[in-house]
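> Below is a structure I'd like to ask you about.
The numbers here are math on the coordinates, done by the rules we state, and not lab data. Since we're looking at a predicted model, the values are computed, not measured. Here Cβ is always computed from backbone atoms with ideal geometry, including for glycine, and neighbour counts include all displayed protein chains.
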Amino acid sequence: MGTTLRNIFLLLFFAILATKGIEHFADRGLGAAGERDRQAAAQSAAAYQADESYATHDQLVLRSSRNGHFTLEAEVDGTPIDFMVDTGATTVVLSPADASRVGLNPATLDYNAVFETGNGHTRVALVTLDELTIGSLDLYDVEAAVITKPMSMSLLGMSALERLDGYEVDGNQMILRW
C-alpha cells in the first residue's frame, strides 16, 4: 500500500511539474503576439465582468459572479441597494447598513421574529418596503426583514421573487421575468 501511494504522489508531482514547465516555455516563446493575445483575453474577461446583466422591458438577465451567486442592483424607496438573489430566503432581507440607507433606523426596530439561517437562528424586524424597483418593474408593499447581524449584501428573497412572472437559471445566467 505504501509503495502505491508513493507512486501516485510521484506521478501527480511530475504531472504538475510538467504542466508548469510547458506553461513556462510556452509563455516565453509567445513574444509580443502572445502578449497582445493575453491582453485581449484579459480585456474580454473584464468586459464580461463589467456587463454582468442586461434588461429589457419585461426581463432582467443576470450573470453569475465568480463565486456562483447572482447579484443585482435594485432600488428600495428610490435608494440603490445591492442584492444577492436568494431563492432559499422566504423574504427580502436587508442588512442593518442597507436598512439605514433606505430610511429605517435599525436601533428603533422591533426584532420580535426569529429566522433560521445557514448560520443558525437570528432575530429580525419585520417591515414592509413601500417600493422595490427591479429593472423596469415596480413592486409595492413588499414584505421584508431587517436582520440584526451585519451582512455583506442584502438578500432578494421569495417575497419579491414570487411576484415575478417567473425566473430560471440557465448555466451562468439567471433570467427574471415580469
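> Fewest first, what order do Tyr54, Tyr167 take by the number of other Cβ atoms within 10 Å?
Details: Tyr54 12, Tyr167 18.
Ascending number of Cβ neighbours within 10 Å: Tyr54, Tyr167.
> Okay, moving on. Residue separation times 0.36 nm, minus the C-alpha to C-alpha distance between Asn119 and Val61: what's the value? Can you show the working numbers first?
On the way: separation 58, 0.36 × 58 = 20.88 nm, distance 2.94 nm.
Length difference between fully extended and current span is 17.9 nm.
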